[in-house]
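The structure under discussion appears below in the form of structure tokens.
Derivation of every value follows stated rules applied to the coordinates shown; laboratory data play no part. Keep in mind that what you see is a predicted model, and the values were worked out from it rather than measured. Cβ atoms come from the backbone with ideal geometry, glycine included; neighbour counts cover every protein chain shown.
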Amino acid sequence: MSETPLQTPEKPTVQAAFLPKIDEEGAKALACSWIESQNISSRKQQYRIGRAVMIYYPFWEFIREDGSLTKTVYRPACGTLMTDLQKIQRTISPNEALPENLTTLPITVSAEYYYPEIHGIPRGERLAAVPFWLISYKINKSIYMLKIDAETGLVLPEWHPFKERVSWRKIAAVSFIPLVLISLVAVLLHPALFILDAAVVIFLVYQSRMFSLISSREDENGS
């Protein structure tokens, strides 16, 4: 008796997509207007806009009949903590003619996850791709991210900044004198103080670009 091979479920594929109506320059203009409206920059803290990257975000499109109304609800098919993405709305239907070479973020949330909160009689369900411009901007040494809906122009801020890596050359120049002083004190008082010296060096290397280069090389060798 031959065993029946297990069939792996097919991965869901995008069946429709919203077409971008805002180009890169328009997205940057929207980003500048949003930043200036937030009063987060000043003469001493001028912001600088980075490059814009187009990404397509997958959404589940649920069509439900609720009484005499037919409503369409969109929910992200890729995990996110951004509440604005959770509540995204559309007044028109996506285009079934997909853009060439369309790639989306990974689909990590199944449609079944949203069934308890989507009410009404099911009339349709599919994956739709929504285009976003991902734009970074810099204030001092902090870099922030913005998502701009390329179809509606809605600005979605990422509230968590990340620091720009400090050059290891600057760290070496600034820390040379303190390290020498700690070493001299260790020689004169007690060798155990060299532990403090080593701890300072490890901390500085961790904060510098050298650490990121070492990590990336290890990842390349391991892959």
Are there any trypsin sites (Lys or Arg not before Pro) in the stretch 83-147 that are in a DSSP loop and have at most 12 other Cβ atoms within 10 Å? List them by number. 87, 141
Take the cross-link list 71/147; 21/141; 87/141; 71/138; 11/141 and give me the ones stretching past 30 Å between alpha-carbons. 21/141; 87/141; 71/138; 11/141
